[in-house]
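**Q** Next up is a structure, given as structure tokens.
The values are calculated or read from the model by the stated rules, or taken from the named source; none is laboratory data. Note that the coordinates shown come from a computational prediction; the quantities given were computed from them, not determined experimentally. When we count neighbours, we look across all protein chains shown, and the Cβ atoms used for this are built from the backbone with ideal geometry, even at glycine.
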């Protein structure tokens, strides 16, 4: 827990990282930090679980020490809105989504203070293409701001819609980097098993891609949900890695795991920031979580395993140049099903 929500360290001599930061209403997905190649989705050698260091559990912070005097170098590492206290944000600023520029380490999305997700014992870098930020809960006021966004009643409405079912049904069902004819019978059988796992654990994939903050102290429902969804994701992620490891050992080409139709558990959970209830839709009502979900999935398609991309080129944009060159001609991209059996 402390690893995930620790404050961003402040440097006093960061002159070379100065950059202009712009605020805007339209949310453009942030470019991922420099990371190692995505490699296999099974992340050989280290498994990152949704462990206690990456679960949104909040430890009551101690009383805040007297505020330190801000130095120019520190301000350059904060966005325009991050330099303000949460209580100082105007209503229209709660609607803004800032995109961090070079050198910026702290910014706001819908008023919530963010930072890059710290590394854990099992995952130093985020999987390429996936969102890599988390609430910055270094101050009591920021903790309370995040807690007030948790609304069990609204969440139950979304939960009953089972968005993970839509995520699976709308998945890319075809290979776009490999021809099925080039795979042997064992490899084809492996793909059937992988898609079957995706079906059975679709909710865990969805939860990992939409890691919302739960105020587990609020009531029994919140406490139970907090514990259960962490356990569900931990177990599924561990078992998925073992499955992929076994299939590669059985002869499945490792590059097949990079197909957008083969789902990925990212190295770190992907935080989903909910809007403040003061933000209204075209009907003058607060955005429902279902409406917010459509927005964030469109802007950050990795959350839904690239289902919401507008093109196949966009689906493979996060891959290495050598893998992108494998993109099949457009006429062949809907010829080879990922699985010959439908769960």
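**Q** Mind checking whether some residue in the range 286-301 is surrounded by fewer than 23 Cβ atoms within 10 Å (Cβ to Cβ), over 14 Å from the mean Cα position of the chain (by Cα) and over 22 Å from residue 134 (Cα atoms)?
**A** yes
**Q** Quick one: in the range 324-343, which of the residues that are in contact with a helix residue (DSSP H, G or I) (Cβ under 6 Å, 6 or more places away or on another chain) and at pLDDT below 95 is nearest to residue 261 (Cα to Cα)?
**A** 339
**Q** Now for a separate question. Show the residue pairs that are 6+ apart or on different chains and have beta-carbon atoms under 6 Å apart, the first residue being within the range 82-101 and under 17 Å from residue 136 (Cα atoms), the second being part of a helix (DSSP H, G or I) and modelled with pLDDT of 95 or more.
**A** Pairs that qualify, where the first residue is under 17 Å from residue 136 (Cα atoms) and the partner is part of a helix (DSSP H, G or I) and modelled with pLDDT of 95 or more, are 86/141; 86/145.
**Q** Moving on to the next point. In the range 302-343, how many residues are outside any loop (DSSP other than H, G, I, E, B) and surrounded by 13 or more Cβ atoms within 10 Å (Cβ to Cβ)?
**A** Total satisfying the criteria: 10.
**Q** For the range 245-285, what are the residues that are in a helix (DSSP H, G or I) and either within 18 Å of the chain's Cα centre (by Cα) or farther than 24 Å from residue 166 by Cβ (or both)?
**A** 245, 246, 247, 248, 249, 254, 255, 256, 258
**Q** Residues being farther than 23 Å from residue 316 by Cα and either touching a helix residue (DSSP H, G or I) at 6+ places or on another chain (Cβ under 6 Å) or buried (at least 22 other Cβ atoms within 10 Å of the Cβ) (or both): count how many of those fall in the range 223-242.
**A** Residues in the range 223-242 being farther than 23 Å from residue 316 by Cα and either touching a helix residue (DSSP H, G or I) at 6+ places or on another chain (Cβ under 6 Å) or buried (at least 22 other Cβ atoms within 10 Å of the Cβ) (or both): 5 in total.
**Q** Which residue is surrounded by the most Cβ atoms within 10 Å (Cβ to Cβ), if the candidates are limited to the range 137-149 and must be in contact with a helix residue (DSSP H, G or I) (Cβ under 7 Å, 6 or more places away or on another chain) and under 22 Å from residue 219 (Cβ atoms)?
**A** This residue is 137.
**Q** Now a separate question. From the set of residues in the range 118-136 that are touching a strand residue (DSSP E or B) at 6+ places or on another chain (Cβ under 9 Å) and at pLDDT 95 or above, which is surrounded by the fewest Cβ atoms within 10 Å (Cβ to Cβ)?
**A** The qualifying residue surrounded by the fewest Cβ atoms within 10 Å (Cβ to Cβ) is 133.
**Q** Residue check: is residue 155 touching a residue at least 60 places away in the same chain (Cβ under 8 Å), more than 27 Å from residue 319 (Cα to Cα) and surrounded by fewer than 20 Cβ atoms within 10 Å (Cβ to Cβ)?
**A** Yes: the conditions hold for residue 155.
**Q** How many residues, within the range 260-285, are in contact with a helix residue (DSSP H, G or I) (Cβ under 9 Å, 6 or more places away or on another chain) and surrounded by 15 or more Cβ atoms within 10 Å (Cβ to Cβ)?
**A** 16
A quick yes/no check of all residues on (1) over 23 Å from residue 239 (Cα atoms); (2) modelled with pLDDT under 95; (3) not in a helix (DSSP H, G or I):
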residue	(1), (2), (3)
156	yes, no, no
159	yes, no, no
165	no, no, no
172	no, no, yes
177	yes, no, yes
181	yes, yes, no
187	no, no, no
190	no, no, no
193	no, no, no
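**Q** Just to check your reading of the model, which residue among 202, 171 is under 22 Å from the mean Cα position of the chain (by Cα), surrounded by 20 or more Cβ atoms within 10 Å (Cβ to Cβ), over 30 Å from residue 83 (Cα atoms) and touching a residue at least 40 places away in the same chain (Cβ under 8 Å)?
**A** Sole residue among the options that is under 22 Å from the mean Cα position of the chain (by Cα), surrounded by 20 or more Cβ atoms within 10 Å (Cβ to Cβ), over 30 Å from residue 83 (Cα atoms) and touching a residue at least 40 places away in the same chain (Cβ under 8 Å): 171.
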